[in-house]
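Data first, discussion second: the structure below is written as structure tokens.
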Amino acid sequence: TQLLEQSPQFLSIQEGENLTVYCNSSSVFSSLQWYRQEPGEGPVLLVTVVTGGEVKKLKRLTFQFGDARKDSSLHITAAQPGDTGLYLCAGGGTNAGKSTFGDGTTLTVKP
Amino acid sequence: DTGVSQDPRHKITKRGQNVTFRCDPISEHNRLYWYRQTLGQGPEFLTYFQNEAQLEKSRLLSDRFSAERPKGSFSTLEIQRTEQGDSAMYLCASSLRTDSVYTFGSGTRLTVV
């Protein structure tokens, strides 16, 4: 069974601060996705990474895929209240089968 | 295409009743997935289809759960004899066969009383 562990589980910061959240596994994934979910809604895709060591930037968000394709991190610069939400990582299955999700990091950015 | 649609958004039912949820995926996507999510947890896999074929079903899923995708387009998820432990958000997602990038619907929130 492929498991993804996300840390921290909860994070509360002030607007303008930087933060990093982590997604770790003992399994190798063919790809890894990050999603953001707001209360009462489905997750929305932020990024997908497929190559070990890959770094992708999306405005103030920087995503990194570990060299061994077992872990990933999400760094947010100068967080804003609009960044508040549940951040989920998901590991892509082999042959694009089902994905496995972590339990997420709940981020609260206070004005 | 307006994305993945799920109906209803909310369902309150009495314990022991049957419920059915519908999911309309993005039309070009041939894979359709059902996940369940409870508060404080990530989505938990239930089952998925490629076109009309159900390719995998979670071993954690009891016989009270059944899903169909009869024409390879929309899908239904039925829960028979609901229990309070079935209360959760039921999420549907679709994807192209070639990748693991999901587009999720807004989910159906089930409350069993």
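Values quoted throughout were computed directly from the atomic coordinates according to the rules given, and no laboratory measurement underlies them. The model shown is predicted, which means the values in this text are computed figures rather than measured ones. Backbone-built Cβ (ideal geometry, glycine too); neighbour counts: all protein chains shown.
Values for this structure:
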| read-out | value |
| --- | --- |
| Hits in the stretch A:30-43 (condition: more than 7 Å from chain B (Cβ to nearest Cβ) and under 17 Å from A:G91 (Cα atoms)) | A:S30, A:L32, A:W34, A:Y35, A:R36, A:Q37 |
| Breaking point among (1) aromatic (F, W, Y); (2) within 13 Å of chain B (Cβ to nearest Cβ); (3) not in a loop (DSSP other than H, G, I, E, B), for A:F63 | (2) |
| Residue ranges of strands (runs of 3 or more DSSP E) in the stretch B:1-107 with at least 3 members free of Cβ contacts under 8 Å to residues at least 40 places away in the same chain | B:44-50, B:53-57, B:65-68 |
| Hits in the stretch B:60-113 - residues which are of a type in the set (D, E, K, R) and at negative phi | B:D63, B:R64, B:E68, B:R69, B:K71, B:E78, B:E83, B:D86, B:R97, B:D99, B:R109 |
| Single residue of the stretch A:66-101 satisfying the filter (away from every other protein chain (no Cβ under 13 Å) and in a strand (DSSP E or B)) that is surrounded by the most Cβ atoms within 10 Å (Cβ to Cβ) | A:S72 |
| Only one of B:S100, B:S95, B:S87 that is within 13 Å of chain A (Cβ to nearest Cβ) and out of contact with any His (no Cβ under 6 Å at 6 or more places or on another chain) | B:S100 |
